[in-house]
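Heads up: the structure comes next, in structure tokens.
The values are calculated or read from the model by the stated rules, or taken from the named source; none is laboratory data. Nothing here was measured: the structure is a model prediction, and the numbers come from that model. Heads up, the Cβs are rebuilt from the backbone with ideal geometry, glycines too, and the neighbour counts pull from every protein chain shown. When the accessible area is computed, the model is the full protein with side chains, heavy atoms only, and any ligands, DNA or RNA have been set aside. Shrake-Rupley method; radii C 1.70, N 1.55, O 1.52, S 1.80 Å.
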Amino acid sequence: MVNKMASARKVAVLALQKIFVDGAYSNIAVNSYLKDTDLTPADKALATALIYGVLDRKITLDYVISSFVKTPIKKLSPYTLNVLRTALFQIMYMDKIPESAAVNEAVKLVKKSKESRNAGFVNAVLRNVLRAEGLLPTGDSVTDLSVIYSCPESIIESFISDYGKETAVIILAEALKPAPLTVRVNTIKTDVDAFIAEIGDATEAKPFGAVVLNKGIDINNNPLYKKGHFYVQDTASQTAVSVLAPKPNDRALDMCAAPGGKSFAMALLMENKGEIISCDIYDHKCELIKKSANRMGLDIIKPTVQDATLFNADFGEFDCVLCDVPCSGLGIIRRKPDIKYKDFSEFDGLIPIQTAILNSAKNYVKKGGRLLYSTCTLRKAENENVINKFLAENDSFKLEYSHTFMPHIDGTDGFYCALLIKK
């Protein structure tokens, strides 16, 4: 457990230990460590920036460190390695922090730890980095791109296969940029203009109800959030729900609903009139959906425990069905850099699950009803290929619309949706 008086840098190092050594999710590790400290808001911001910065740039940082040490990265003690990573991230990517401060604070962290014997080693490595030039490769091979954009070669090869090298490089560059903080205004309780006036420094976006917050806020403690006036949701997700276009008094089914954002967007388009069955396989996630829906006063949402791959005849038929299926998440790397370090070979195992959910969903759609398939990945194997196979095997459905949202074109997360109509 971290000392309450620990510095921002130490908190960052300990959280990275939890993520890289223990396999913790980054958001859980960050929230846990920040909650247990007495850091100022500015220091919390620094700790968060260091944690996510190192996650974003881990491959790049490790490449540079490897260039200045004789010991293989995997054999360095995790604490010393994470101190080096955080210091190097400050040197390479945080212009407002003096290089001397980054080095000195790193040495202090190691001196005060059980690995104090490594203080001289850390000082020498970082000083050598400061004197060096040309730290990174300049070629365009997959190996070089992996180092430059801190992304595993398997993911880069997937992007190149689907979109060509030029677009793949653009996608990689976009994945390292900060993601906008976009929310959906709860138009049952307030309106967009009133919300912007109250929240301050925000910009209206598309589709209707979307607002970009131009500065960070403490979401959970924000009074407007507590009153249920908004929730966080990227514009790609909001747009996908508007493509499905549920109407007041419709019956709607959200087959993979947690954490609930798309169910909430449907409820708002339906003006809180009708019925939405919001499913998840886990009871505790259904409880979270229920809690958020109650906060926002969206009482047409009925969280229900249900395996989306299995058809439940008791549900009946629906005007619109949403399948936001489990996916590799390669469209939201900028928000969840942990995704980059998953075993790529596991991603193909998602395709049978996605197909099973889609084949279950088709049974719920009434004639003339609408079925939306969506993912937050850019892999065509999980997007167009799944839909094309489904259409080839189900001639009672026709493709009405499909779109791949690209961060560099649409200004959104990477996202895919396809709207199918039952004939």
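Per-structure values
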{"item": "Verdict on Ile155 being at pLDDT 95 or above, within 31 Å of the chain's Cα centre (by Cα) and under 30 Å from Leu378 (Cβ atoms)", "result": "yes"}
{"item": "Top-ranked residue in the stretch 385-405 [being within 21 Å of Val169 (Cα to Cα) and not β-branched (Val, Ile, Thr); ranked as most open to solvent (accessible area, probe 1.4 Å)]", "result": "His403"}
{"item": "Any hit, the stretch 66-86, residues being crowded, with 20+ Cβ neighbours inside 10 Å, among the hydroxyl-bearing types (Ser, Thr, Tyr) and either assigned to a helix (DSSP H, G or I) or at pLDDT below 95 (or both)", "result": "yes"}
{"item": "Residue that is least open to solvent (accessible area, probe 1.4 Å) [pool: residues in the stretch 318-341 that are assigned to a helix (DSSP H, G or I) and charged (D, E, K, R)]", "result": "Lys340"}
{"item": "Any chance Ile170 is open to solvent by 50 Å² or more (accessible area, probe 1.4 Å), closer than 30 Å to Asp343 by Cβ and under 22 Å from the mean Cα position of the chain (by Cα)", "result": "yes"}
{"item": "The stretch 245-254: number of residues that are of a type outside the set (D, E, K, R) and surrounded by fewer than 23 Cβ atoms within 10 Å (Cβ to Cβ)", "result": "3"}
{"item": "Residue list for the stretch 252-282, filter: in contact with a Pro (Cβ under 9 Å, 6 or more places away or on another chain), part of a helix (DSSP H, G or I) and not aliphatic (A, V, I, L, M)", "result": "Ser263"}
{"item": "Condition met for Asn118 (open to solvent by 40 Å² or more (accessible area, probe 1.4 Å), closer than 26 Å to Val21 by Cβ and assigned to a helix (DSSP H, G or I))", "result": "no"}
{"item": "Every residue from the stretch 174-194 that is assigned to a loop (DSSP other than H, G, I, E, B) and either open to solvent by 30 Å² or more (accessible area, probe 1.4 Å) or touching a residue at least 60 places away in the same chain (Cβ under 8 Å) (or both)", "result": "Ala175, Leu176, Lys177, Pro178, Ala179, Pro180, Asn186, Thr187, Ile188, Lys189, Asp191"}
{"item": "Some residue of the stretch 195-202 being open to solvent by 40 Å² or more (accessible area, probe 1.4 Å) and not in a helix (DSSP H, G or I)", "result": "yes"}
{"item": "Output for the stretch 406-418, where each listed residue is open to solvent by less than 10 Å² (accessible area, probe 1.4 Å) and of a type in the set (A, V, I, L, M, F, W, C)", "result": "Phe415, Cys417, Ala418"}
{"item": "Options Lys285, Lys227, Lys302; residue that is under 22 Å from the mean Cα position of the chain (by Cα) and of a type in the set (Lys, Arg)", "result": "Lys285"}
{"item": "Breaking point among (1) modelled with pLDDT of 95 or more; (2) surrounded by fewer than 23 Cβ atoms within 10 Å (Cβ to Cβ); (3) of a type outside the set (A, V, I, L, M, F, W, C); (4) within 24 Å of the chain's Cα centre (by Cα), for Ser345", "result": "(1)"}
{"item": "Some residue of the stretch 23-36 being open to solvent by 60 Å² or more (accessible area, probe 1.4 Å) and acidic (Asp, Glu)", "result": "no"}
{"item": "Total residues in the stretch 307-317, condition part of a loop (DSSP other than H, G, I, E, B) and open to solvent by 40 Å² or more (accessible area, probe 1.4 Å)", "result": "5"}
{"item": "Positions within the stretch 351-384 being of a type in the set (Val, Ile, Thr), closer than 19 Å to Ser158 by Cβ and open to solvent by less than 10 Å² (accessible area, probe 1.4 Å), in sequence order", "result": "Thr375, Thr377"}
{"item": "Test for Cys286: is it in a strand (DSSP E or B) and open to solvent by less than 30 Å² (accessible area, probe 1.4 Å)", "result": "no"}
{"item": "Top-ranked residue of the stretch 215-244 - restricted to ones that are in contact (Cβ under 8 Å) with a residue 60 or more places away in the chain and β-branched (Val, Ile, Thr), ranked as surrounded by the most Cβ atoms within 10 Å (Cβ to Cβ)", "result": "Val241"}
{"item": "Where a residue in the stretch 118-137 is under 21 Å from Met94 (Cβ atoms) and in contact (Cβ under 8 Å) with a residue 40 or more places away in the chain and its partner, wherever it lies, is open to solvent by 50 Å² or more (accessible area, probe 1.4 Å) and among the hydrophobic types (A, V, I, L, M, F, W, C), with Cβ under 9 Å and at least six apart", "result": "Val125/Phe68; Leu126/Phe68; Asn128/Phe68; Val129/Phe68; Ala132/Phe68"}
{"item": "Boolean, Ala106 is assigned to a helix (DSSP H, G or I) and either in contact (Cβ under 8 Å) with a residue 24 or more places away in the chain or under 15 Å from Arg9 (Cα atoms) (or both)", "result": "yes"}
